[in-house]
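The structure appears right after this line, and notes come after that.
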């Protein structure tokens, strides 16, 4: 069995130095969806929150990062969902220095959700209110 080679990690001080050179150009919602099953509404729900990040280096000094969220409220199993809400955000970053995969790997693990999670929390609150469903307060990020 072949060993999986690991990319070299950027030391924390080098990551901070590179991050200081990065600017957020935009955060936009690419897609969104909501499905409800009102007949299954219950006061005792389990939440499953999923986040799937990805990125693409467009050129040396520009990168697009995708932050894909889905929340599923269920009674018992995912097939028996009560509410399903999803949203995908496109984050465009620009930098004085060229982007590397190592930098972006760390960014999507540490900083991306700091930038996009508040948008998703607000979106979930707004959609539930517009659907006439009880409010749901999603947790804040803890580091």
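Out of the stretch 12-44, which residues are under 20 Å from the mean Cα position of the chain (by Cα), under 30 Å from residue 80 (Cα atoms) and loosely packed, with under 11 Cβ neighbours inside 10 Å?
The one that is under 20 Å from the mean Cα position of the chain (by Cα), under 30 Å from residue 80 (Cα atoms) and loosely packed, with under 11 Cβ neighbours inside 10 Å: 31.
Would you confirm, using the coordinates I've provided, whether residue 48 is modelled with pLDDT under 95 and in a strand (DSSP E or B)?
Yes: the conditions hold for residue 48.
Among the residues in the stretch 68-78, are any out of contact with any strand residue (DSSP E or B) (no Cβ under 9 Å at 6 or more places or on another chain), assigned to a helix (DSSP H, G or I), in contact (Cβ under 8 Å) with a residue 12 or more places away in the chain and farther than 16 Å from residue 138 by Cβ?
So far as the stretch 68-78 goes, no, none of its residues is out of contact with any strand residue (DSSP E or B) (no Cβ under 9 Å at 6 or more places or on another chain), assigned to a helix (DSSP H, G or I), in contact (Cβ under 8 Å) with a residue 12 or more places away in the chain and farther than 16 Å from residue 138 by Cβ.
I want to confirm something. Restricting to the stretch 116-139 and keeping residues that are loosely packed, with under 15 Cβ neighbours inside 10 Å and outside any loop (DSSP other than H, G, I, E, B), which single residue is nearest to the chain's Cα centre (by Cα)?
Only one residue fits best here, namely 118.
Considering only residues that are loosely packed, with under 13 Cβ neighbours inside 10 Å and farther than 14 Å from residue 111 by Cα, which ones fall in the stretch 48-59?
Residues satisfying the conditions are 48, 50, 56, 59.
Given the criterion touching a residue at least 24 places away in the same chain (Cβ under 8 Å) and out of contact with any strand residue (DSSP E or B) (no Cβ under 7 Å at 6 or more places or on another chain), identify the matching residue among 97, 126.
The unique qualifying residue is 97.
Please count how many residues of the stretch 76-105 are crowded, with 19+ Cβ neighbours inside 10 Å and closer than 20 Å to residue 9 by Cα.
Adding up the residues that qualify gives 3.
If you take the residues in the stretch 83-115 that are in a helix (DSSP H, G or I) and touching a helix residue (DSSP H, G or I) at 6+ places or on another chain (Cβ under 6 Å), which one is nearest to residue 41 (Cα to Cα)?
Taking the candidates together, the pick is 106.
The values are calculated or read from the model by the stated rules, or taken from the named source; none is laboratory data. All values reported here derive from a predicted model rather than from experimental measurement. As a convention, Cβ positions derive from the backbone with ideal geometry for all residues, glycine included, and neighbour counts pool all protein chains shown.
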